[in-house]
1. Stokes-Einstein diffusion coefficient for segment 107-258 at 4 °C in a medium of 1.567 mPa s, Rh from the Kirkwood formula over Cα pairs: what value in µm²/s?
2. Between Arg57 and Glu262, what FRET efficiency follows from the Cβ-Cβ distance if R0 is 41 Å, with the result rounded to 0.05?
3. Summing +1 for each Lys or Arg and -1 for each Asp or Glu, what net charge is found among the other residues whose Cβ lies under 12 Å from the Cβ of Lys99?
4. Over the chain, what is the relative contact order in percent, taking alpha-carbon pairs closer than 8 angstrom and at least six residues apart?
5. Using the basic label-point model (7 angstrom from Cα toward the beta carbon), what is the Leu289 to Asp240 distance in nanometres?
6. With a 1.4 Å probe and every protein chain kept in, tell me what percent of the accessible surface of the chain is carbon plus sulfur.
7. Express the C-alpha Rg of segment 79-152 as a ratio against the empirical globular expectation 2.2 N^0.38 Å, rounded to two decimals.
8. From the square roots a ≥ b ≥ c of the eigenvalues of the alpha-carbon gyration tensor of segment 33-83, which class results: rounded (a/c under 1.5), prolate (a/b over b/c), or oblate?
Amino acid sequence: MIVFHEISLQDKAWIDRHLACEDSPSADFNFGNMFIWDLHYRQLVCDLGERTLTKVRLHGKPAFVYPIGCGPLRPAIESLREYAAYKGYPFLLRGITEKHKALLEEEFPGCFSFCEEEKYADYIYEASKLTTYAGKALHGKKNHCNRFEAEHDWRFVPLTRELIPACREMLDAWTEDNAERLDESIVYEHEAIERAFEYYEPLGLEGGVLFADGKLMGFSFGEMTSSDTFNVHVEKAAADINGAYPMVCRELVRMLLDKHPELVWINREDDMGLEALRKSKESYKPAYLLKKYAAQWTGD
């Protein structure tokens, strides 16, 4: 039977190999997200040779993540089923994309029932459009940036270890200011960002910081999640400063394209079912939503 262990930085090398083989644009499938959110999801992982097996806890209940990697799918699914049966868990897979759904139906016809989880769909954007906000649909974002540039002496620089203390101060203030209007997810997010700051370099995260008139106005960071997609893990800006958020978004993508000319897509993650977050993500006009499903085993 498979043996799980708690995820650690020592797992990055072999998990990254499987992630590269999977080459998925999903925000669920990059080591940084797996690692920084571990305090919330309590992830256990197992190296099956060609695939990564992952167990998580969602809302206090056990579940498994689609086994990313290469090689035959059936042995990975059967290993998870055996483990679930031994533990007395229902066999439930999360983070299923349309591609994964098709593969599961092909390999196990009629054995899974699928339920779309709309609040976990990733918002995917064309990187080139975020660098200019060109076109009628993004005209408002462009105007906000123009105003910001006209009113401030600003600069956008790479996020380095030296700038993390200032970003932490901004994060603490942001969390305090928004604590009453947001649910407990704000606590988990704060923990995840702190964990990202602590392990920023070994995780290989990339980001930038916006300054205006000598003050820190925002920061953002993430990582390449596939060969042509960058996953933005975090974006924070001064909400009371007109244009701060669209400036952070625009300048990060510009910086990334200079470093990664192969970059085509930006994954700005899901909206967690929060109306305000949904409206914000929709305002940047995504190219498409990457749908996610839960897959419940219904076979014999």
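1. Working: Rh = 17.1 Å.
The calculation lands on 76 µm²/s.
2. Values: r = 36 Å, r/R0 = 0.87.
Computed FRET efficiency for Arg57 and Glu262: 0.70.
3. Values: positive: Lys101, Lys291, Lys292; negative: Glu22, Asp23, Glu98, Glu105, Glu106.
Taking every Cβ under 12 Å from that of Lys99, the sum is -2.
4. Values: 514 pairs, mean separation 83.7, N = 300.
Across the chain, relative contact order equals 28 percent.
5. 3.4 nm
6. Values: 7200 of 14080 Å².
Looking at the chain in its full context, I get 51 percent from C and S.
7. On the way: Rg = 22.0 Å, N = 74, 2.2 N^0.38 = 11.3 Å.
Dividing the Cα radius of gyration by 2.2 N^0.38 Å gives 1.95.
8. Working: a/c = 2.88, a/b = 1.61, b/c = 1.79.
Here segment 33-83 falls in the oblate category.
The values are calculated or read from the model by the stated rules, or taken from the named source; none is laboratory data. Given the structure is predicted, the values throughout are model-derived calculations rather than measurements. Ideal geometry is used to build each Cβ from the backbone, glycine not excepted, and the neighbour counts take in all protein chains shown. Accessible surface areas use protein heavy atoms only, side chains included; no ligands, DNA or RNA. Shrake-Rupley method; radii C 1.70, N 1.55, O 1.52, S 1.80 Å.
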